1. Condition (residue is surrounded by 19 or more Cβ atoms within 10 Å (Cβ to Cβ) and under 18 Å from GLN391 (Cα atoms)) applied to the range 183-204: is it met by at least one residue?
2. Of the residues that sit in the range 65-79 and are within 31 Å of the chain's Cα centre (by Cα) and open to solvent by less than 40 Å² (accessible area, probe 1.4 Å), which one is nearest to PRO118 (Cα to Cα)?
3. Please return the ranges of helices (runs of 4 or more DSSP H) entirely within the range 216-281 where 1 or more residues are aromatic (Phe, Trp, Tyr) and open to solvent by 40 Å² or more (accessible area, probe 1.4 Å).
4. Restricting attention to the range 95-154, which residues are touching a Ser or Thr at 6+ places or on another chain (Cβ under 9 Å), surrounded by 18 or more Cβ atoms within 10 Å (Cβ to Cβ) and farther than 17 Å from SER56 by Cβ?
5. Search the range 22-43 for residues being of a type outside the set (Asp, Glu) and loosely packed, with under 10 Cβ neighbours inside 10 Å, and hand back the single one that is modelled with the lowest pLDDT.
6. List the strands (runs of 3 or more DSSP E) inside the range 148-213, counting only whole elements, that have at least 2 residues being farther than 25 Å from ALA328 by Cβ and without any contact (Cβ under 8 Å) to a residue 60 or more places away in the chain.
7. Got a sec? Which of ALA428, ALA437 is part of a helix (DSSP H, G or I), under 30 Å from PHE52 (Cβ atoms), touching a Ser or Thr at 6+ places or on another chain (Cβ under 6 Å) and not polar (S, T, N, Q)?
8. For the range 221-274, give me each residue that is touching an Asp or Glu at 6+ places or on another chain (Cβ under 7 Å) and more than 30 Å from ARG192 (Cα to Cα).
Amino acid sequence: MRSWSICWVLLVVSVALAQAPAGPPGFPAEDKEGLKLSPNSQIRHAWKRKVFWKLSPGGDIGFYGKSPLPTPAERVAMHGTLTAMAALFQATPTGKDGEGFWVKDSRTLGGVDVLDMPDAFPVARIPHQFSAGYFPFYHEDNFQSGQWRLSVSGETESVYFSFNRMPRAIGQLVVAKEEQGGGKNAVEFYLRPRETGRWQGLPLYEGYVLVVARAGRDPWAGVSLERALKAAMPLYAQDRKTAEDRLARLKKANDEVQGVDYEQRMWDLFEKNNGALKTSRPGNYEVRKASTTREIAYNRKTAAEKANPQRDVSGSWYWNPVEAQEAALNLLAAAGGGKMACFAELSGVKKQGRYAVPGDLMAVGSGANCREVVMTNGDYFDPKLARTAPQILTVVDFGRCAKLEGERLVSAPVRRWDVPPQGCVQHAQMWRELDWAKVAALVVP
């Protein structure tokens, strides 16, 4: 029955794929909007209807601490920057004359997390974060109350362009956290995100986040080896405690196995299961007795070995974290002189027992495959600039819709032609046509 059901599902899918259109439908010249009903007669799509942009002003995102809220003039200024960016998209051939879709420009103004900023940065000067999320929807109309209602929503892939939002770790390993106290968020130390390509001269990090930074300013700052080691010490201690706790359990188990009570329980169980054989099948009884003797000896030998881990592969779960903590303490005692930190991730046997710190901290340049440890640069922003000045632009989901192959922007082909292309298809096409130099110019030089 199950096999028949699977075959039926495969047949339905195959028929559906065979019936799926391989390209866009054709329309007579007089059909200016390219209207086509879907299988649901209450829904139609407008393949030739021109693109339009709809502004969704949104609101303020959460504010934290005592950072002043945006003033009316600051809101106008932020909208001005976002409107200028939208105009660049609307000037592209696809953004101006595209067909079959429309774009929602969803904006959010303000939003400052004071708990993440350095104490030395004036709270009243922390830049406002503001963003525009672009949502390309295909034209889908609904028949309601005897008339067609033009498309107003749907589901699509969005991409956000965010000003004054730092890119942070971009999915990199967080090596350690430095507690600040006073209710502030801990400072994260992580591996420097890698530049994986450049699009129109702008860096793409980890194949996903495009960043436009001010000239000469780095969104990330290196961390000294001493500072990184101090922050990581509780993690080294955590790994060692995990190992010591496991060893304590193994020693306790060994004590029990080596004890007289354990052997007595084993023989009591043996007699319970095999005692009757002593008279009915004495030969078989002796064979089983010898087997139990060997089992007791083997269990005692194994338990003793586990309770006494050696400095080899079998004992790496214990000695790796123990030696790592000792090495880190020695390195910390010798650290200084402004040496910067890097982190070499471990693999294989060397990683066993290293759960909280899965690698080695060392000075930059002192080991192979050691990546620089950084933190979000708290000195990036200039407090003398207006709080609405765009000091950095982060396109968080650039890699959602396209990837770079050399200087080419590659995106997935249209996967379905039963509806007009939307989402990533339209994002990627506008990005190919967009004047990125003008986008970058929105950021303060």
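The values are calculated or read from the model by the stated rules, or taken from the named source; none is laboratory data. All of these numbers come straight from a predicted model, not from anything done at the bench. We place every Cβ from the backbone using ideal geometry, glycine too, and count neighbours over all the protein chains shown. Ligands, DNA and RNA are stripped out before the accessible areas are found, and what is left, the full protein with its side chains, is counted by its heavy atoms. Shrake-Rupley method; radii C 1.70, N 1.55, O 1.52, S 1.80 Å.
1. Taking every residue of the range 183-204 in turn, at least one turns out to be surrounded by 19 or more Cβ atoms within 10 Å (Cβ to Cβ) and under 18 Å from GLN391 (Cα atoms).
2. Once the filter is applied, the top-ranked residue is SER67.
3. Of the helices (runs of 4 or more DSSP H) lying wholly inside the range 216-281, those with at least 1 residues that are aromatic (Phe, Trp, Tyr) and open to solvent by 40 Å² or more (accessible area, probe 1.4 Å) span 260-274.
4. Answer for the range 95-154, where residues must be touching a Ser or Thr at 6+ places or on another chain (Cβ under 9 Å), surrounded by 18 or more Cβ atoms within 10 Å (Cβ to Cβ) and farther than 17 Å from SER56 by Cβ: GLY98, VAL112, ASP116, MET117, ILE126, PRO127, HIS128, GLN129, TYR138, HIS139, GLU140, ASP141.
5. ALA22
6. Fully inside the range 148-213 and qualifying: 202-205.
7. Only one candidate passes the filter, namely ALA428.
8. TYR262
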